Amino acid sequence: MTPDERAWELIARYLDGDADPAPAAELDRLVREDPAAARLFAEATRQEDALRFLHADAAAARAPRAPARPRRPRWLPAAVAAGLLTVCAAAYVAATRPRAPAEPSPVARVVATPREATISRDGAPVPLEAGRAVRPGDTIETGPGGAATIQYLGETTRLEIGPATGVSLQDASGAKRVRLDRGRVSAAVARQPAGLPMRFRTPHAEAEVLGTSLRLAVAGGATRLEVDAGRVRLARLSDGARVDVAGGQCAVAAPGAALAVSPMAAAPTPAAPTRGVVRITAATRNNTRSPVTIRLADGGKALLPIIISAKASDAVRAVAADVADILARISGAPFPVRTGDGADGIVLGTLAEFPDAGLAEALAIIDTFDGREAFAIRTDARRLRLIGATDLGASHAAYRFLEELGARWLFPAKEWEVLPRLAALSFGRDITDRPSILSRSIWFEAGSGGEAQNAEYAAWKRRNRQAESFSVNAGHNLDAVIRRNQAAFDAHPQYYALVRQADGTMKRQGPQLELADPAVRKMVTDYAVDFFRENPRSDMVSLEPADTVTHSESPESLAMGSVSDRVFGMANEAARALRKACPGKMVGLYSYNAHWDPPAAPLEPNVHVLLAGLGQGRYTPAEREAIWPQRCRNLGFYEYYSVWLWSHDRLPGSWTNDLRASQARAREIVARGGTSVSAESTSSWGPNGRGYYIANRLLWDPDIDVDAAARDFCDKAFGAGAPAMMRYYDRLDPGKKPFLSKHLLALAFRDVDEASRKTADRPDVQARLDHIKQYLRYVHLDWMRNREPATEPQKQALSTAILTCLYRTRRAALTSWEMIRQNWGGNKYPGKDREPWMVDTPYSHEETERDFQEGIAYFQPRQIGEAVSFSTDLVPVQWPDRPAVKSEQAYQGGAKYLLYSLRGEPLEFTTWAGNAWGGINRFTITDAAGNVIARGQLPNDKTTSHAHKVPGPGLYTLDYNDNGSYWSIAVDPGRAATIPLGQTQDYRNTKVMQDMYFYVPKGTRRIEYYYTKTAFHPGGPHQVIDASGRVAQAVDVNGDWVSVPVPPGMDGRLWRFREPVLGLFWFNNVPNYIAASPDALLVPRDVASRDGLQIRR
């Protein structure tokens, strides 16, 4: 074996993680003594870094948790152990000095596994890993959930780098210099040599350190220094002002604010959370067969009475009466309700009313709220006990017992109550349960449609255990402090926020408060304490600011940090006061609007933050939701199940109809420590009922079997028609991205028709199917109004027919009637106004069937060929005599582009980034294997020229996400820029596109594609141009299939669309790729080979 071969063997064993000290020592000696070995080692580690950079993100995406490190071929790279790299660095520098300038010597090393962190040297970011050397000039950047820790060589000085931070190490002739551009850093600084203090520099200040423990943060146009021990001198850069900050003190350097030292704000008091994750254990959730079975009724006679305590509340007495009524309808036997001691009978009440030490753990109330809804069902020889920790838990026990007997309340309307008929009634199970999410509310934006419907929905919620262990109070309310203290605000206008006016001047005005003023913060705290003295039964006081984006811009406020820092810091102060004055009470706020982002400091455990779905800040919704659990142990989630102005109650309805997505979301909320869900919805049970029903169950227990729940729903609701209705719901599942078309609706109508025919002998099932058919009548009329050519009088007639249909079915809450009345109905009131659509006669079964059969006749299935699959291995093709065109498109919303490097040249293109919704514009470029090549966030309102180096020739994907802020892209002629169409990808063009080319493979006789417009964006009519340049078909559809014949000789050639706007666009039988010119179009390799196309090299 030659020396070089021996060196390669040792390097390979080292890179593969071989921990044997003997070969490690031999390698150490080789690189010290042999320049050739040092060069080999340097080349191997350089290759290690490059390949790790290519594969890190793809590996992370594939593995949710760190896998065991596999053994790899010896030439592949692995993590570089810190010790040997340090030993070999000097040898490498010496060996290679004649060949290239030496890199600066390392000054620090990464000592803990970082998260979402990169290190940049000469502008090239690579993923940061434990053990990596850090040199002067290196910049470390962390993502929103990121963190990294570095330690200086030869001493204990350590920097802990927080999320969303940019920090760089500077060279200063032996003195340590750190530049913090954004974010926060905590430092433990060992005593430094005399005359060589460590300095931290930010955009606003410089901190000089001899030895201490400190935290430094840059946010909101200011720098904040907190010192735990020792002493730090802080100098403001703008004017040279200086202060010395000692342990336990802090100071803020901000323009226009006094540079002063103050005591650090008290950190949140360590305490058990008011609520954390609910304690779901084998003791608090179980369902087993009881050793005994108890008989309840037989032959029309009740064998046991219902027993309640003489001290039972009105709520429990009402539940007992309802249970007695339902049992009587199930068994035909009247069940008396009596008071008693619970020695026998069907015992309904609380643990306090019917004590049992054996249920203490099962019904324990933990941290004030966890357990308020807990219940236990126990079957004994002489009694069946339905026991709750509270009245609410007792109610849950009663309806869970009835559910075990087969009772269901699927929708609120009486037709959807399902009760079995059981002459002999017995029971033999022991069940314990409590909700995984403590406060669960599916509420309707305009009510349920009327008093009767509101009462039906209240009963539905009670029977389906939708309730609140605590009541959330987080609405806009902080301006109530002004009203309560109006005289003080009149006398002290400085208590109002200092707000920038349209002309640039500053003015004190409401409704926002000057939260930097101690007197204002005291008013807020006093208001919170007084609220509970006046409302002792409330769980929460809202301190949510008024609904405006303007907050104070006074120097004092800016010095406190971001709007989130101020708002939630104020909430922390009030929460600490409440823990002393009103234990168990909470402060409620939204994460919303200008305080969308999490604050820098953690929140007190009795601050409840409801994450609202609308707002803008530094983070995307997903990033923000991942960070919030690090700041708050008491989170709520504001969900949008359905919004009428977005959906108009059309199919496929609420996203909760995607049962998999609904379950995943419920699990995600629980995993993030969510304690409440407030779901804004529409009272539209026609399109959304099954989704709401199962979503409610998932909020109680996210781990239920959703497939079993879906089968149970259809079995109970539709009897022998269940298989057909399972198909109906499956076709319309939004998770499957159905192509909503006349063809799909034809199949759905026929599913319902089949279910109806199979249950002709079941009037109860027919009544439920009538509701489905009445809703589908709306779908039919709405489709004709919006998608069929018609004159204005014809459209008006259809609009009147739609309103008549919806008005007549309003009592069944099939659609959100109140929203429809306000918007489509001109806000006309029945009884006050008279309109042609105010027809009070309910639909009869016969009329329902007649209208439904009209829909059957209107929606006809069509012949659609089998979908054809093509390879995703794409190549550029040489098209003869085709002029090159610059690709230019504009969007709102994300999009993907397929790019190609012919010879390894950089990928070049230009983008413009907008600023709507906060303007978070990000892109990622990956290779064909999914490895990340480049990523970044682009400046808003600016054009960026891109030139991204690639490791070699081949296919690359640009994935651009503007988070709704608008963007555009331009690619020069001659470069590939192909748009991949997709069944799950809808595009939102903001202008009509260029002619877009696509390839029709040889042998294709008909082009089939689906097209639908995208809401709120241009789109619709377009032309299909054949290979000769003639118009093959003019197309004007919205949500339907298009079929275009391919004449002989026109296959195996390029076709194009004229004036297309993408929306949702999907080819059924030709490759789903389009481009603005032939040279920009990529074609599946298998198609190119089969059709004899010339591949560009």
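If only residues of region 420-440 that are closer than 24 Å to ARG382 by Cβ and not in a strand (DSSP E or B) are counted, the one that is nearest to the chain's Cα centre (by Cα) is LEU422.
Determine if region 793-800 includes at least one residue that is in contact (Cβ under 8 Å) with a residue 24 or more places away in the chain and either among the hydrophobic types (A, V, I, L, M, F, W, C) or on the phi > 0 side of the Ramachandran plot (or both).
Taking region 793-800 and keeping what is in contact (Cβ under 8 Å) with a residue 24 or more places away in the chain, we get 799-800.
Still in the list and also either among the hydrophobic types (A, V, I, L, M, F, W, C) or on the phi > 0 side of the Ramachandran plot (or both): none.
The answer is no, given that none of the residues of region 793-800 is in contact (Cβ under 8 Å) with a residue 24 or more places away in the chain and either among the hydrophobic types (A, V, I, L, M, F, W, C) or on the phi > 0 side of the Ramachandran plot (or both).
Within region 1062-1076, the set of residues being in a loop (DSSP other than H, G, I, E, B), surrounded by 22 or more Cβ atoms within 10 Å (Cβ to Cβ), at pLDDT 95 or above and among the hydrophobic types (A, V, I, L, M, F, W, C) comprises ALA1076 only.
Scanning region 888-934 for residues that are among the aromatic types (Phe, Trp, Tyr) and in contact with a His (Cβ under 8 Å, 6 or more places away or on another chain) returns a single hit, PHE909. Just so you know, in region 442-465 the residues that are crowded, with 20+ Cβ neighbours inside 10 Å and not in a helix (DSSP H, G or I) include one that is nearest to the chain's Cα centre (by Cα), and it is ILE442.
Residue by residue through region 643-692, note down the ones that are of a type in the set (Lys, Arg), surrounded by fewer than 19 Cβ atoms within 10 Å (Cβ to Cβ) and closer than 25 Å to SER469 by Cβ.
Listed by number, the residues that qualify are ARG667, ARG672.
Is it the case that some residue within region 239-253 is outside the structural domain of ARG385 (by TED's automatic domain parsing), at pLDDT below 95 and in contact with a helix residue (DSSP H, G or I) (Cβ under 8 Å, 6 or more places away or on another chain)? Yes: one or more hits. Yes or no: region 454-466 includes at least one residue that is farther than 25 Å from ASP701 by Cβ and not assigned by TED's automatic domain parsing to the domain that holds ALA546. Scanning region 454-466 turns up at least one residue that is farther than 25 Å from ASP701 by Cβ and not assigned by TED's automatic domain parsing to the domain that holds ALA546.
Could you list, in sequence order, all residues of region 229-249 that are under 22 Å from ALA188 (Cβ atoms), in a strand (DSSP E or B) and under 41 Å from the mean Cα position of the chain (by Cα)? Residues satisfying the conditions are ALA229, LEU234, GLN249.
Considered as a group, the residues in region 810-826 that are within 18 Å of ALA455 (Cβ to Cβ) and not acidic (Asp, Glu) include one that is surrounded by the fewest Cβ atoms within 10 Å (Cβ to Cβ), and that residue is ARG811.
Being hydroxyl-bearing (Ser, Thr, Tyr) and either touching an Asp or Glu at 6+ places or on another chain (Cβ under 9 Å) or crowded, with 17+ Cβ neighbours inside 10 Å (or both), is that true of even one residue in region 1041-1054? Spell out how you get there, then give the answer.
Taking region 1041-1054 and keeping what is hydroxyl-bearing (Ser, Thr, Tyr), we get 1043.
Pick out the ones that are also either touching an Asp or Glu at 6+ places or on another chain (Cβ under 9 Å) or crowded, with 17+ Cβ neighbours inside 10 Å (or both) and you get 1043.
Yes - at least one qualifying residue is present in region 1041-1054.
Restricting ALA581, ALA574 to those that are without any contact (Cβ under 8 Å) to a residue 60 or more places away in the chain and either in the same structural domain as ASP370 (by TED's automatic domain parsing) or crowded, with 18+ Cβ neighbours inside 10 Å (or both) reduces the list to ALA574.
The set of residues from region 620-657 being in a strand (DSSP E or B) and of a type in the set (Ser, Thr, Tyr) comprises TYR638, TYR640. The number of residues in region 578-594 that are within 21 Å of THR620 (Cα to Cα) and at pLDDT 95 or above comes to 3. Say whether the condition of being in a strand (DSSP E or B) and crowded, with 19+ Cβ neighbours inside 10 Å is met by at least one residue in region 308-327. Within region 308-327, one or more residues are in a strand (DSSP E or B) and crowded, with 19+ Cβ neighbours inside 10 Å. Can you confirm whether region 755-765 contains a residue that is surrounded by 20 or more Cβ atoms within 10 Å (Cβ to Cβ), closer than 25 Å to TYR641 by Cα and among the aliphatic types (A, V, I, L, M)? There is no residue in region 755-765 that is surrounded by 20 or more Cβ atoms within 10 Å (Cβ to Cβ), closer than 25 Å to TYR641 by Cα and among the aliphatic types (A, V, I, L, M). Scan region 418-439 for residues that are in contact with a Leu (Cβ under 8 Å, 6 or more places away or on another chain) and over 30 Å from ARG672 (Cβ atoms) and the total you get is 6.
Considering only residues in region 793-824 that are β-branched (Val, Ile, Thr) and part of a helix (DSSP H, G or I), the one that is nearest to SER681 (Cα to Cα) turns out to be ILE820.
How about region 825-851: which of its residues are of a type in the set (S, T, N, Q) and part of a helix (DSSP H, G or I)?
THR848
Is it the case, given these coordinates, that VAL1087 is crowded, with 18+ Cβ neighbours inside 10 Å and part of a loop (DSSP other than H, G, I, E, B)? Against the criterion (crowded, with 18+ Cβ neighbours inside 10 Å and part of a loop (DSSP other than H, G, I, E, B)), VAL1087 does not qualify. Of the residues making up region 291-303, those that are within 18 Å of ARG400 (Cβ to Cβ) and crowded, with 17+ Cβ neighbours inside 10 Å are ILE294, LEU296.
Checked against the criterion of being small (Gly, Ala, Ser), touching an Asp or Glu at 6+ places or on another chain (Cβ under 8 Å) and assigned by TED's automatic domain parsing to the domain that holds VAL885, region 1059-1079 has at least one qualifying residue. Listed by first and then second residue, the pairs with beta-carbon distance under 6 Å, at least 6 apart or on different chains, first residue in region 939-953 and more than 25 Å from GLY904 (Cα to Cα), second among the aliphatic types (A, V, I, L, M), are ASN940/ALA913. Here the condition is being over 17 Å from TYR728 (Cβ atoms) and touching a His at 6+ places or on another chain (Cβ under 9 Å); of THR800, THR804, THR809, it holds for THR809 alone. Annotation note: of ALA310, ALA315, the sole residue that is closer than 30 Å to MET540 by Cα and either aromatic (Phe, Trp, Tyr) or modelled with pLDDT of 95 or more (or both) is ALA315. Here GLY1092 meets the list (1) at negative phi; (2) in a loop (DSSP other than H, G, I, E, B); (3) surrounded by fewer than 19 Cβ atoms within 10 Å (Cβ to Cβ) almost entirely, failing just condition (1).
Condition test on ARG757, is it of a type outside the set (Val, Ile, Thr), in the same structural domain as GLU849 (by TED's automatic domain parsing) and touching a residue at least 40 places away in the same chain (Cβ under 8 Å)? Spell out how you get there, then give the answer.
Values: of a type outside the set (Val, Ile, Thr): yes; in the same structural domain as GLU849 (by TED's automatic domain parsing): yes; touching a residue at least 40 places away in the same chain (Cβ under 8 Å): no.
The answer is no for ARG757.
Every condition in (1) in a strand (DSSP E or B); (2) within 31 Å of the chain's Cα centre (by Cα); (3) farther than 19 Å from PHE909 by Cβ holds for ALA970 except the one numbered (3).
The values are calculated or read from the model by the stated rules, or taken from the named source; none is laboratory data. Because the structure is predicted, anything quoted here is derived from the model rather than measured. Cβ atoms come from the backbone with ideal geometry, glycine included; neighbour counts cover every protein chain shown.
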